1. Calculate, axis by axis, the spread of Cα positions in chain A along the three principal axes, and write the results as whole Å, longest axis first.
2. Let's test the formula: R0 of 30 Å, r as the Cβ-Cβ distance of A:ARG32 and A:ALA108. What FRET efficiency results, to the nearest 0.05?
3. Grab the beta carbon distance between A:GLU19 and A:SER118, set R0 = 25 Å, and tell me the FRET efficiency rounded to 0.05.
4. Within a 10 angstrom radius of each residue's Cβ in A:29-38, how many Cβ atoms of other chains show up on average? Whole number is fine.
5. Kindly rank A:148-156, A:201-209, B:160-168 from highest to lowest mean number of other beta carbons found within 10 Å of each residue.
6. Could you order the peptides A:173-179, A:70-76 from most to least packed, using the average number of other C-beta atoms within 10 Å per residue?
7. Can you give the average number of partner chain beta-carbon atoms within 10 Å of each beta-carbon in peptide C:51-57, as a whole number?
8. Just checking the output field for B:99-110: average partner chain Cβ neighbours within 10 Å of each residue's Cβ?
Amino acid sequence: MSGRHLLSVDDLGREGILEVLDLAESFLEVTRREIPKVPALRGKTVVSLFYEESTRTRLSFETAAKRLSADTMSFTVGSSSVAKGESLRDTVQTIEAMGIDAVVVRHASAGAPHRVASWIHASVVNAGDGCHEHPTQALLDLHTLRHHRGPDLHGLRVAVVGDVRHSRVARSGVKALAALGAEVVLVGPPTLMPESLEGWPVTVSHELDTVLPDADVLYLLRIQRERQSEALLPSLREYTARYGLDAARAARLRPDALVMHPGPMNRGVEIAAEVADGPASVVTEQVTNGVAVRMAVLYSLLGSGGTVA
Amino acid sequence: MSGRHLLSVDDLGREGILEVLDLAESFLEVTRREIPKVPALRGKTVVSLFYEESTRTRLSFETAAKRLSADTMSFTVGSSSVAKGESLRDTVQTIEAMGIDAVVVRHASAGAPHRVASWIHASVVNAGDGCHEHPTQALLDLHTLRHHRGPDLHGLRVAVVGDVRHSRVARSGVKALAALGAEVVLVGPPTLMPESLEGWPVTVSHELDTVLPDADVLYLLRIQRERQSEALLPSLREYTARYGLDAARAARLRPDALVMHPGPMNRGVEIAAEVADGPASVVTEQVTNGVAVRMAVLYSLLGSGGTVA
Amino acid sequence: MSGRHLLSVDDLGREGILEVLDLAESFLEVTRREIPKVPALRGKTVVSLFYEESTRTRLSFETAAKRLSADTMSFTVGSSSVAKGESLRDTVQTIEAMGIDAVVVRHASAGAPHRVASWIHASVVNAGDGCHEHPTQALLDLHTLRHHRGPDLHGLRVAVVGDVRHSRVARSGVKALAALGAEVVLVGPPTLMPESLEGWPVTVSHELDTVLPDADVLYLLRIQRERQSEALLPSLREYTARYGLDAARAARLRPDALVMHPGPMNRGVEIAAEVADGPASVVTEQVTNGVAVRMAVLYSLLGSGGTVA
């Protein structure tokens, strides 16, 4: 990783992605030790600045930081001086002035982490900004795929199913998959597809059932119930009927196909419980790899060049 | 402790209880040192998963974990993805996938910690489930009693006063006291007694004043104000008149009687302020012992067999 | 520092202030190291007990405690048993019984930290009580001034501008500035001046524009929007017109004048954005010094006499 920040998958490029994933592999080994910690970032402070609550993402980053022996602090919107109307800029400059090394930012507005990066000297990691990007999710997904399919993802057929239009997971994921040579097909109703696909290295299908038999990976996105009130979805029931991965559809998958989901899952909506818990699902592996990948990202940004372990 | 979890006092039995209490005694000594920490659980991670907020219980467990050099993480309902409708099972499996060693669970539903234990490989400690059990509270209460009355509790007369019907503290406490030979009498209005007492090794009284002179221990339960709206209590005033421990009643206790309360106290309702702060009260000792007992429980479940200190 | 607590600037006196500031200077050096931590308070536990949320003050104290290697715990009102109606006294006695060494208290009632100090043996630091005091803010402000103006503040002309009436920052600041020989003028509309100034070593002005050219320091207080509904302010627009520090007014300041603000700032109300970010502003230095000063305070109260670093 050349830069000081991880704001987008674009910051990494193919080489940068591979470097992080190699490093993540060694940190995955660390997390399996009797004492799963290394002193790599001792004395560093990592702050999570979450303007949208996401306990799972926050805990994953904080666990990663602690396993590297960094100190962690949490700054969540509900309990922050945001309520007092302080600007994002003043908040991050205040946090930086306390003496911190990295800020992990989650924000509802696309581009917020980029603005934060322009204001401070500490490293910034984008932990999800609006409908824009979520680069560490893409990295952990790649890491999980490579564990099952080997380092070369060329020609791997990945179907990303659901509300692609509003999904930062999909945006970062497509870039990262394409960088490693996978072929992505986006699947979902037209109302949940991006308005323009110019520049997206993907194909599109509105029929899950035709895509199903050839997919190596089915990547299911979380359906937000509020899409119904926005008239983008007729009903959850209808969505599930056409795009939900139930046991019948799962039976038509290739024997070695993988089922992935960024979580939290809506069981019974985009994925049936028995599929979520079934043998093709690697959902909990994704979570485990998330900690190792975030260790690699934090170490790449903050490590002083010493040995990792 | 033989098992991987502490879900109920039943998991321990008399021998298990005594083992934990002996261990707690040595940890109590640790907490009095200039640097009250031991490296016993270094590299282990303990997560508190509280679906009902209880800062005092959560802090007690987290203090215990930190004094054992474990890392701690907090996952409370208000800030969790529970709001997004994620199932308890997905939440705990996600937490476990991040690489943790124990989950301390507080939940409004009886049996929730048992379900959690069936889903994950990490150790589970029940920190209170509905009206069911709160085993570490029972252990810290026993520890406090033994400090004052010696190791043998045979024949000790303990009056448990108040809303026994809804009390997990009472349920765990009665089992633990009986296991060590104490005699328990439940005291309170009929509406606040359990519907069936089959299998409870207790007697029942509806008159505090008749029980008072013979009790070695008066264990007062917290009155929830919402019991009034449920028509289980005529009024707090009337409850206090009949079952509150005021100075006049305290004066009728045996000179060496102990007054206990699990906290937080409703001063002026189940206990008068002057009694809460009086010489018979061991309420703050209960809190202190709570940390030592929880250190013992966490160490019993997670310790690798090395020396404690 | 002679006492066990820091409740008011009065606890320190001139000598005590100078001692803390000297110590803060050496801790500021610590915070600039590659690993900005010292083991000075290893094994000590510092609890922040915030009945009013203030993430910036809480994080500053917790960062200070962590850089001294103390353990930290947070007890904020939203998540505390305060909601269950527990008294302040029972809450602090419970926290103390878990075995802690210092409590950092923020409370809406003037005098609350003093009451806490009367109930427990642990050290108490006042992190802001009602409209009364906020002593560590005053100390960090002095530290910032001395960095720019040298150790001797005699004759320094400091204008404190805004809602002095409701400001604990002003109350502590005036005492501390006077103790070191600075001359303070309070500036603001009559409705926002204290009802009585008896005993305050200050002068008063209702015209910022006449004070401006001679001030060495302009200390702007945060305007609470709720003062409008209390009829203490005609409108924010009018306040800004008369007392806001905009670019035109800033241009009339002495070339070496400093602009200070305790944060969080209302940009466009008491201070214009370009002034907040301009060369005279030392707002982020105040934040940085806050961590060093709080390290000095915690070390003075809890340090065992060993060497600091």
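Nothing in this text is a laboratory measurement; each read-out follows from the coordinates by a stated rule. Nothing here was measured: the structure is a model prediction, and the numbers come from that model. Positions of Cβ are generated from backbone atoms using ideal geometry, with glycine treated the same way; all protein chains shown enter the neighbour counts.
1. Over chain A, Cα extents along the principal axes are 54, 44, 35 Å.
2. Rounded to the nearest 0.05, the efficiency is 0.25.
3. 0.50
4. Neighbouring Cβ atoms belonging to other protein chains average 2 per residue here.
5. Working: A:148-156: 13.0, A:201-209: 15.0, B:160-168: 23.8.
So the peptides A:148-156, A:201-209, B:160-168, ranked by packing, come out B:160-168, A:201-209, A:148-156.
6. Working: A:173-179: 23.4, A:70-76: 21.7.
Peptide ranking by packing, descending: A:173-179, A:70-76.
7. Per residue, the number of nearby Cβ atoms from other chains is 5 on average.
8. 1
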